[in-house]
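Before any comments, here is the structure.
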Amino acid sequence: METSKINLILLILVIAIVLVPLIFKSDAEYGGADGQAGDLALEINPNYEPWVEPLWEPPSGEIESLLFSVQVAIGAGSIGYVLGLLKGRNTVASNR
Amino acid sequence: MKKKSSLFFIILALLVLVPNISYGMHVMEGFLPAGWAIFWAVLSLPFFLVGIKKLGQVTKNNPDAKLLLGLVGGFAFVLSALKIPSVTGSCSHPTGVGLGAIFFGPTIMTVIGTIVLLFQALFLAHGGITTLGANVFSMGIIGPFVSYGIFRGLKNKVNKKAAVFLASALGNLATYCITSLELALAFPDPVGGVTASLTKFLLVFALTQIPLAIAEGLLTVIVYNLMVEYKEKGVLKLGNI
């Protein structure tokens, strides 16, 4: 099978993995803070006091999503650049 | 037996009653006592330094290495920012470091993982500066080493795509296991000690993470396939992958 076909199937599988919980467990809240790992820690040791606060926290959910988008944009831009360059090289090579 | 069933009940209650709790892979700022924070930082530092040295070497020996570094770095940036819903009703995110470990070996991903973790600690309040060492150890060292080891061990025994899938998916799970261990060591259960605490962290982490590990494995195979195709067409110089 062609690579592009295999990759398309794999991509559909990934999308399915993301969608299945959203469809079949639509009432869940899908809270997203990494920080809540601490809750279990505090449950185990209620006397623990986090001794450092983050230097800076995004002031709102909007700003947080802005910064996450920036992270993805940097990454996706980088991936796109490389894939495009290789595609171009390949076109040049096969036209020669 | 009694302890086990009560533990099971606690976890079940956690999952059923509080469906919106979520557990990411990072240990939050301030959530490791100073001793442990220093311990993990000291443990991680040599891997980081070796990675820096390796980076210099690979970019010198292969002009296409910089290109690929851009790709695996971008992959880690994208994947570690995507918070994906899981069947447990909470979100977590992949790591994206398995791909680079397969192409470049583990320590280079220690450097890239550190950059990603630093970005998230400084700008997103995810993870932290005091817990950077611990987070680098789980995501930038153990994850890539597990991925690299599994790929190396399997690539001549099974289908290479299967090896890539297992390497990246299990590397992702390994990261979460180490995060659980780091938290369990710092927060031993008052009754059952580190073991009981580890079980608690692991069970809650693992359930959320399994589908995401599979997703990361599949995405890694997609990019791997593309690179192999370009290598075979002779437009990309790559080592033995």
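The values are calculated or read from the model by the stated rules, or taken from the named source; none is laboratory data. All figures in this text were calculated on a predicted structure; none of them were measured in a lab. Here the Cβ positions follow ideal geometry from the backbone for every residue, glycine too, while neighbour counts run over all protein chains shown.
Those residues that are facing chain B (nearest Cβ under 7 Å), closer than 30 Å to B:Lys231 by Cα and of a type in the set (A, V, I, L, M), I need them from the stretch A:59-82; list them, please.
Scanning the stretch A:59-82 gives A:Val72, A:Ile74, A:Ala76, A:Ile79, A:Val82.
Quick one: which residue in B:Leu207, B:Leu181, B:Leu203, B:Leu212 is crowded, with 24+ Cβ neighbours inside 10 Å, touching a helix residue (DSSP H, G or I) at 6+ places or on another chain (Cβ under 9 Å) and either closer than 19 Å to A:Leu22 by Cα or not basic (Lys, Arg) (or both)?
Selected residue: B:Leu212, the only one of B:Leu207, B:Leu181, B:Leu203, B:Leu212 that is crowded, with 24+ Cβ neighbours inside 10 Å, touching a helix residue (DSSP H, G or I) at 6+ places or on another chain (Cβ under 9 Å) and either closer than 19 Å to A:Leu22 by Cα or not basic (Lys, Arg) (or both).
Testing B:Gly153 on (1) more than 14 Å from chain A (Cβ to nearest Cβ); (2) in contact (Cβ under 8 Å) with a residue 24 or more places away in the chain; (3) farther than 30 Å from A:Gly88 by Cβ, one condition comes back false. Which one is that?
(2)
Which one of A:Ile23, A:Ile6 is within 7 Å of another protein chain (Cβ to nearest Cβ), closer than 24 Å to B:Leu219 by Cβ and modelled with pLDDT of 90 or more?
Going through A:Ile23, A:Ile6 in turn, just one is within 7 Å of another protein chain (Cβ to nearest Cβ), closer than 24 Å to B:Leu219 by Cβ and modelled with pLDDT of 90 or more: A:Ile6.
What helices (runs of 4 or more DSSP H), lying completely within the stretch B:20-133, carry at least 2 residues that are without any contact (Cβ under 8 Å) to a residue 40 or more places away in the chain?
Fully inside the stretch B:20-133 and qualifying: B:34-61, B:65-81, B:106-123.
Checking the conditions here, which among B:Pro85, B:Pro106 is more than 23 Å from A:Glu57 (Cβ to Cβ) and at pLDDT below 95?
The unique qualifying residue is B:Pro85.
For the stretch A:66-87, enumerate the residues that are surrounded by 13 or more Cβ atoms within 10 Å (Cβ to Cβ) and within 13 Å of the chain's Cα centre (by Cα).
Of everything in the stretch A:66-87, those that are surrounded by 13 or more Cβ atoms within 10 Å (Cβ to Cβ) and within 13 Å of the chain's Cα centre (by Cα) turn out to be A:Leu67, A:Phe68, A:Val70, A:Gln71, A:Val72, A:Ala73, A:Ile74, A:Gly75, A:Ala76.
I'd like to check something: does the stretch B:137-150 contain any residue that is within 14 Å of chain A (Cβ to nearest Cβ), assigned to a helix (DSSP H, G or I) and of a type outside the set (Val, Ile, Thr)?
yes
Within the stretch A:44-65, count every residue that is more than 21 Å from the chain's Cα centre (by Cα), surrounded by 13 or more Cβ atoms within 10 Å (Cβ to Cβ) and not β-branched (Val, Ile, Thr).
Residues flagged as more than 21 Å from the chain's Cα centre (by Cα), surrounded by 13 or more Cβ atoms within 10 Å (Cβ to Cβ) and not β-branched (Val, Ile, Thr) within the stretch A:44-65 amount to 5.
Tally up the residues in the stretch B:117-128 that are modelled with pLDDT of 90 or more and touching a Gly at 6+ places or on another chain (Cβ under 8 Å), please.
4
Inside the stretch B:187-241, can you point out the residues that are assigned to a loop (DSSP other than H, G, I, E, B) and on the phi > 0 side of the Ramachandran plot?
Scanning the stretch B:187-241 gives a single hit, B:Gly234.
Mind checking which residues of the stretch B:198-240 are more than 9 Å from chain A (Cβ to nearest Cβ) and over 21 Å from the mean Cα position of the chain (by Cα)?
Listed by number, the residues that qualify are B:Lys231, B:Glu232, B:Lys237, B:Leu238, B:Gly239, B:Asn240.
A:Ile12: facing chain B (nearest Cβ under 7 Å) and either over 18 Å from the mean Cα position of the chain (by Cα) or within 30 Å of B:Glu229 (Cα to Cα) (or both), yes or no?
no
Scan the stretch B:6-52 for residues that are exposed (fewer than 12 other Cβ atoms within 10 Å of the Cβ) and either modelled with pLDDT of 90 or more or over 26 Å from A:Ala28 (Cβ atoms) (or both) and report the count.
Number of matching residues: 3.
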